[in-house]
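Trainee: Below is one structure. I have some questions about it.
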Amino acid sequence: MPPSAVLFPERGGKLAALGSLRAPSRHNGYVAPTDVLTVTLRVKRFNPEVDRKPHWQEFTVEDMTPGDRVLDALHQVKWFEDGTLAFRRSCAHGVCGSDAMVVNGENALACQVLLGDAGTDITVEAIRGLPVVKDLVVDMAPFFAQYRSVLPWLLTPTDDPGYGERRQSPEDRERFDDTTKCILCAACTTSCPVFWTNGSYVGPAAIVQAHRFIFDSRDAGTSERLDVLGDRTGVWRCRTAFNCTNACPRGIKVTQAIQEVKRVILADRA
Amino acid sequence: MSTGVSTDAPVHVASRTTRGRRPRQNFETWSWFFMRISGLVLVFLALVHFALTHIVNDVVETDAVFVADRWENPLWRLFDWTLLALALLHGLNGLRWSIDDYVRSPARRAWVKAGVYTLSGVLFAYGTFTIVTFA
């Protein structure tokens, strides 16, 4: 997509007309990969130096294709329309977890949502439950504090393997495979209705990270982690709303992991 | 085995093998477990109650005489008391969770909880009194 042809060439020009005629729909109609789309982006803006509260701003992005991502549309706005638009992204390919945001009301990575799926009228806002720094950028410090609270590293017995390996059977590795996929994007935690109202809840992401070590046969820190997770701000705050499972861009069964930690605590014997 | 690197950092001792520690369950654990079990039992109790008072018997005939006939059998009194106790406790515990989440000021939370607990206690006492003394 040549950047020069992208933004606001002439309103109602040939490309814009094509785009509006061929607007994709999630529910009906086939969208050809070569279709040209005009996308209306409604972005929730907030600049703490100027604004008292957030407001919506609309951008029209032309000459997009169904295979472009929401992130591509945001890039077009930031690079060619309004450089003050703030959002995070790093790898832009669903690995780093930087660009979690609320797209059309659902938590997602902007780099994973195709315009062909999201449609041509798209709303984008910052993930909820964390303080907004600017526009789509939130302060992740509370999220990472909760992540650190579950000691997300291997706690080993005193037997130092030296330069050797800590071996593990494929079956033991498989037990916690699902929760190794977490990229700490915060999509799960900021989709959780309990977290929205009660920020002291440790949150799905931290529990997923704890699960990854609790069910690791090489780890010996279960007791310390359960001290954190068994607290009233731990796993018991979970109401199995399943928002976290729906939100996870890596397809981790987050709610199941939380329930498994609950069962470990319930079955714990001295 | 020395790696030539300072190892002043504290070594975490394997807790799984630590003897004499207490189990992890606390009040919140059992409160969660109670919700799972009472929820299952309540489905059964509520459906039976609903079927008897609305389907098997016409609801317009569900009056004091109907209740008196039914409570001739103490097992039905036990059934209704169990339904009352579990429904109240299940609802009360759910409210307690929600109050903890939504009422963020400690003082206000204490007042709201005191009110909810008192109301639940009164309802439970009144219901129990009715079931036991109804003649």
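Trainee: Please go through segment B:39-80 and pick out each residue that is hydrophobic (A, V, I, L, M, F, W, C) and touching a residue at least 40 places away in the same chain (Cβ under 8 Å).
Mentor: Of all residues in segment B:39-80, those hydrophobic (A, V, I, L, M, F, W, C) come to B:40-48, B:50-52, B:55-56, B:59-60, B:64-68, B:71, B:75-76, B:78-79.
Residues satisfying the conditions are B:Val41, B:Leu42, B:Leu45, B:Ala46, B:Val67, B:Ala68, B:Trp71.
Trainee: Check every one of the helices (runs of 4 or more DSSP H) wholly within segment A:69-150 and list those with 2 or more residues that are farther than 24 Å from B:Tyr102 by Cα.
Mentor: Numbers: elements: A:70-76, A:115-118, A:141-149.
So the answer is A:70-76, A:115-118.
Trainee: Hey, another quick one. Take segment A:96-127 and flag every residue that is β-branched (Val, Ile, Thr) and either touching a Cys at 6+ places or on another chain (Cβ under 7 Å) or modelled with pLDDT under 95 (or both).
Mentor: To start, the set of residues in segment A:96-127 that are β-branched (Val, Ile, Thr) comprises A:102-103, A:113, A:120, A:122-124, A:127.
Correct list: A:Thr120 only.
Trainee: Residues being crowded, with 22+ Cβ neighbours inside 10 Å and either touching a His at 6+ places or on another chain (Cβ under 7 Å) or charged (D, E, K, R) (or both): count how many of those fall in segment A:63-93.
Mentor: 2
Trainee: A further question on this structure: May I ask you to say which residue of A:Ser200, A:Ser217, A:Ser223 is within 13 Å of chain B (Cβ to nearest Cβ), outside any loop (DSSP other than H, G, I, E, B), surrounded by fewer than 24 Cβ atoms within 10 Å (Cβ to Cβ) and not acidic (Asp, Glu)? Lay out the reasoning, then the answer.
Mentor: On the way: A:Ser200 fails: outside any loop (DSSP other than H, G, I, E, B); A:Ser217 fails: outside any loop (DSSP other than H, G, I, E, B).
The match here is A:Ser223.
Trainee: Could we say that A:Cys188 is closer than 24 Å to B:Gly94 by Cβ and more than 13 Å from chain B (Cβ to nearest Cβ) here? Please lay out each step first, then the result.
Mentor: On the way: closer than 24 Å to B:Gly94 by Cβ: yes; more than 13 Å from chain B (Cβ to nearest Cβ): yes.
So A:Cys188 passes the test.
Trainee: Report yes if some residue within segment B:65-73 is modelled with pLDDT under 95, part of a helix (DSSP H, G or I) and among the small types (Gly, Ala, Ser); otherwise report no.
Mentor: Yes; the residues of segment B:65-73 include at least one that is modelled with pLDDT under 95, part of a helix (DSSP H, G or I) and among the small types (Gly, Ala, Ser).
Trainee: Looking at segment A:188-217, I want the residues that are farther than 20 Å from A:Glu106 by Cα and have a partner that is of a type in the set (Gly, Ala, Ser) and part of a loop (DSSP other than H, G, I, E, B) with Cβ atoms under 6 Å, at least 6 apart or on another chain. Which pairs are those?
Mentor: A:Val202/A:Gly234
Trainee: Follow-up question, since we're still on this one. Can you find even one residue in segment A:141-153 that is out of contact with any Leu (no Cβ under 6 Å at 6 or more places or on another chain), farther than 20 Å from A:Gln256 by Cβ and within 14 Å of chain B (Cβ to nearest Cβ)?
Mentor: Yes - at least one qualifying residue is present in segment A:141-153.
Trainee: Let me ask something else. For segment A:184-219, name all the residues that are among the aromatic types (Phe, Trp, Tyr) and over 18 Å from A:Arg173 (Cα atoms). Outline the logic, then answer.
Mentor: Filtering segment A:184-219 for residues among the aromatic types (Phe, Trp, Tyr) gives A:195-196, A:201, A:213, A:215.
Scanning segment A:184-219 gives A:Phe195, A:Trp196, A:Tyr201.
Trainee: A further question on this structure: Give the number of residues within segment A:226-262 that are of a type in the set (Lys, Arg), more than 10 Å from every other protein chain (Cβ to nearest Cβ) and not in a loop (DSSP other than H, G, I, E, B).
Mentor: Residues meeting the conditions: 0.
Trainee: Looking at B:Ala125, B:Ala107 in this structure, which one is exposed (fewer than 13 other Cβ atoms within 10 Å of the Cβ), of a type in the set (A, V, I, L, M) and within 30 Å of A:Thr233 (Cβ to Cβ)?
Mentor: Details: B:Ala125 fails: within 30 Å of A:Thr233 (Cβ to Cβ).
Exactly one of B:Ala125, B:Ala107 is exposed (fewer than 13 other Cβ atoms within 10 Å of the Cβ), of a type in the set (A, V, I, L, M) and within 30 Å of A:Thr233 (Cβ to Cβ), namely B:Ala107.
Trainee: Name the residues in segment B:89-105 that are away from chain A (no Cβ under 11 Å) and at pLDDT below 95, would you?
Mentor: Scanning segment B:89-105 gives a single hit, B:Ser105.
Trainee: Also: Can you tell me how many residues within segment A:37-59 are surrounded by 11 or more Cβ atoms within 10 Å (Cβ to Cβ), among the hydrophobic types (A, V, I, L, M, F, W, C) and in a loop (DSSP other than H, G, I, E, B)?
Mentor: 1
Trainee: What residue, among those in segment A:216-247 that are closer than 17 Å to B:Ser31 by Cβ and β-branched (Val, Ile, Thr), is modelled with the highest pLDDT? Before the answer, list the steps.
Mentor: If we filter segment A:216-247 for residues that are closer than 17 Å to B:Ser31 by Cβ, which is where we start, we get A:226, A:229-240.
Still in the running and β-branched (Val, Ile, Thr): A:233, A:235, A:240.
Working: A:Thr233: 93, A:Val235: 97, A:Thr240: 94.
Within segment A:216-247, the match that is modelled with the highest pLDDT is A:Val235.
Trainee: Identify all residues within segment A:138-164 that are closer than 30 Å to A:Glu58 by Cβ and either buried (at least 18 other Cβ atoms within 10 Å of the Cβ) or among the hydroxyl-bearing types (Ser, Thr, Tyr) (or both); write none if there are none. Before the answer, list the steps.
Mentor: Pass one, segment A:138-164, residues closer than 30 Å to A:Glu58 by Cβ: A:138-140, A:143.
Listed by number, the residues that qualify are A:Val138, A:Met140, A:Phe143.
The values are calculated or read from the model by the stated rules, or taken from the named source; none is laboratory data. Note that the structure is a prediction, hence the values are computed from the model and not measured. No Cβ is skipped: glycine too gets one built from the backbone with ideal geometry, and neighbour counts run over all protein chains shown.
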